[in-house]
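The block underneath contains the structure these notes are about, expressed in structure tokens.
The values are calculated or read from the model by the stated rules, or taken from the named source; none is laboratory data. Owing to the predicted nature of the structure, the values given are computational and were not obtained by experimental measurement. Here the Cβ is made from the backbone with ideal geometry for all residues, glycine too, and neighbour counts use every protein chain on show. Each accessible area value is taken on the protein alone, full model and side chains, heavy atoms only, with ligands, DNA and RNA left out. Shrake-Rupley method; radii C 1.70, N 1.55, O 1.52, S 1.80 Å.
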Amino acid sequence: MKSLKRSIPIAVVVVFAIVTQVGAQTGGLSGTSWQLVQIQNADGTSERPDDPANFSVEFGADGSVIARLDCNRGHGAWKSAAPGQIELAPMALTRVMCLHPELSDRMARDWSSMQSYAIEDGHLRLTLSTGGYYEFELFVPPSPEPSPGQQS
């Protein structure tokens with residue numbers, strides 16, 4: 001009986017630690033913004049955007065996702081049922097004709113094929129079901145400039 005009394009607090013601490021870790025992993029994207037660093041293709045080649053800030057993704061705490069794909073804007077939904085897994089719903093996307101649409105068109109095409117994620121050293125990796133991945137870095141959107149006459 002004494003060993004059972006000693007085991008219960010230890011078990012509670014272990015369960016709390018596991019639940020906390022799982023929550024941190026699945027909630028790790030919630031409320032974060034990222035900009036594209038590179039696309040690593042399954043064949044080992046990679047592509048980089050000219051301006052990473054033109055390819056950004058923001059994961060809302062409410063399950064919404066807002067994206068900038070060069071000159072286009074997108075809105076959709078995301079969820080993570082387990083650590084490292086992600087499900088991205090198809091994105092509603094503006095269809096402005098960008099000067100160089102290759103990268104934005106590809107990202108829009110690949111969007112729903114992203115099935116897992118990892119966050120390491122300030123980088124987010126979204127892995128495609130077909131192989132390869134998108135690598136992002138933390139992004140802090142610029143604050144709007146105060147209007148003339150407004151105090152900061």
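The table that follows gives values for the structure above.
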| item | result |
| --- | --- |
| Filtered residues of region 90-142 (kept if of a type in the set (S, T, N, Q) and under 21 Å from D50 (Cα atoms)) | T94, S104 |
| Unmet requirement for I86, which otherwise passes all of (1) of a type in the set (V, I, T); (2) modelled with pLDDT under 95; (3) under 12 Å from the mean Cα position of the chain (by Cα) | (2) |
| Per-region count, region 6-59, residues modelled with pLDDT of 55 or more and in a helix (DSSP H, G or I) | 3 |
| Pair list, Cβ under 9 Å, 6 or more apart: region 41-58 residue touching a residue at least 40 places away in the same chain (Cβ under 8 Å), other residue open to solvent by 60 Å² or more (accessible area, probe 1.4 Å) and assigned to a helix (DSSP H, G or I) | E47/E102 |
| Residues satisfying the stated conditions in region 67-117, i.e. of a type in the set (D, E), surrounded by 14 or more Cβ atoms within 10 Å (Cβ to Cβ) and part of a helix (DSSP H, G or I) | D105, D110 |
